Amino acid sequence: MSITLHNISKSFEHVNVLENINFSIKQGELVALLGPSGCGKTTLLRIIAGLETASSGQIYFADREVTKLSAKQREIGFVFQNYALFRHMNVAENVAFGLKMKPRSVRLNKTAIDERVNQLLELVQLDHFAKRYPDQLSGGQRQRVALARALASKPNVLLLDEPFSALDAKVRKDLRRWLRDFHHELNVTSIFVTHDQEEALEVADRIILMNQGHIEQIGTPAEVYKQPKTAFVAHFLGDVNLLYGYIENNTLIIGDFHKDMREQGTWPDQSTIAYVRPHEISIAKIARKNDIQGEVVRIHTAGPTVFLEIAVAGQPKHIDVSISYRQYEQQQVEIGDTVYWQPALVNIFMQDELLEFMI
Ligand code: ADP
Ligand code: MG
């Protein structure tokens, strides 16, 4: 079922926490609501679920307005951060709970409930754990039970609020992949809240990036990562170098580096800051056209990626560069070497957006 939000705003005691949120999610999409802690993700998810009311605006599930409907009437599946399973019920009973609680007129009979529970446990790969109690499961297994339970009554929409954030890094990574595969099999429209950009980039079909109660950008992971619309997005989605330069005739100039920026807009002549990710920088020992000169001041060679720091005249901070170990071996760079480098991908933003990061 598709979901549309139209001008959703919310204030708690006259403080605006959400301002004019608009977006549409297609049937079957897996969308991440991403943003720093406190930006309004949970509030927005609860409004979509019907657990919280918006101060203004409308919500539609397909063509039907659900703004005034209760959570129950909206037929939502909800999974929270801390696996809220019933401790005195085993896995199968936990999953069956919602189905057994339905009014008699719409309740499945016992055989049908058992069958549905088995199906769901197979789906989340816990069919061998049906008789276990929550205490006897790992955190990751418990979250999969919570997911099976949320799906038991075939919800229109699945909402997940930081479902993996209480788990340790390795399990979280496994579950991400699992959720992605699982979601494609299931095809239920899902919204997934996270403050972890890596998680959103890896799992989501599209990302809605929020900041202080508003949307900064909506796009596929590749779009928001490679074409951030704001300085905030560029910062939030991963490590980035800030290079000081200027614009003349729509050309970005950083030392000997020149790049026509008309693809990203029309720019007044002004000084600017260019945003470049460490892995979008290519280095060489012999100067190529458009290269900037620098000196290698630090090399960190743990793991498959090598991190270099390069001191550059006119730049207040060292430039971080990441290259593969193989490339590092081929280049044979050492501390103190002069190197030549240039960004392969660079973004600039209008001056007024930069100010808040420069303070
Ligand atoms: P997130 O999930 O992105 O961390 P929340 O939606 O939980 O953010 O919170 C957004 C803002 O709304 C925060 O400033 C939070 O303090 C505030 N807030 C959330 N719930 C309430 C509430 N019930 N009463 C007052 N303020 C709230
Ligand atoms: Mg939250």
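The values are calculated or read from the model by the stated rules, or taken from the named source; none is laboratory data. Treat the numbers as computed from the prediction; the structure is a model and nothing was measured. So basically every Cβ, Gly included, is an ideal-geometry build from the backbone, and we count neighbours across all protein chains shown. For the accessible areas, the whole protein counts, side chains as well, though only heavy atoms, and no ligand, DNA or RNA atoms are used. Shrake-Rupley method; radii C 1.70, N 1.55, O 1.52, S 1.80 Å.
What the table shows:
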| quantity | calculated |
| --- | --- |
| Of all residues in the stretch 55-90 being within 16 Å of ligand 1 (Cβ to nearest atom) and touching a residue at least 60 places away in the same chain (Cβ under 8 Å), the one that is surrounded by the most Cβ atoms within 10 Å (Cβ to Cβ) | Val79 |
| Residue within the stretch 102-113 that is in contact (Cβ under 8 Å) with a residue 40 or more places away in the chain, within 25 Å of Ala32 (Cα to Cα) and open to solvent by 50 Å² or more (accessible area, probe 1.4 Å) present | no |
| Enumeration of residues in the stretch 148-180 that are away from ligand 1 (no atom under 16 Å from the Cβ), within 19 Å of the chain's Cα centre (by Cα) and not basic (Lys, Arg) | Val157, Leu158, Leu167, Asp168, Ala169, Val171, Asp174, Leu175, Trp178, Leu179 |
| Residue, farthest from Phe192 (Cα to Cα), within the stretch 1-13, restricted to residues that are open to solvent by 70 Å² or more (accessible area, probe 1.4 Å) and within 15 Å of ligand 1 (Cβ to nearest atom) | Glu13 |
| Selection count where residues are within 16 Å of ligand 2 (Cβ to nearest atom) and open to solvent by 50 Å² or more (accessible area, probe 1.4 Å), scope the stretch 14-54 | 5 |
| In the stretch 155-170, the residues that are touching a residue at least 24 places away in the same chain (Cβ under 8 Å) and either on the phi > 0 side of the Ramachandran plot or in a helix (DSSP H, G or I) (or both) | Glu162 |
| Residues within the stretch 193-216 that are over 10 Å from Cys39 (Cα atoms), in contact with an Asp or Glu (Cβ under 9 Å, 6 or more places away or on another chain), open to solvent by 10 Å² or more (accessible area, probe 1.4 Å) and assigned to a strand (DSSP E or B), tallied | 1 |
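Here is a yes/no grid of residues against (1) modelled with pLDDT of 95 or more; (2) in contact with a strand residue (DSSP E or B) (Cβ under 7 Å, 6 or more places away or on another chain):
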residue: Leu151; (1), (2): no, yes
residue: Lys154; (1), (2): no, no
residue: Leu175; (1), (2): no, no
residue: Val203; (1), (2): no, yes
residue: Asn211; (1), (2): yes, no
residue: Ile218; (1), (2): yes, yes
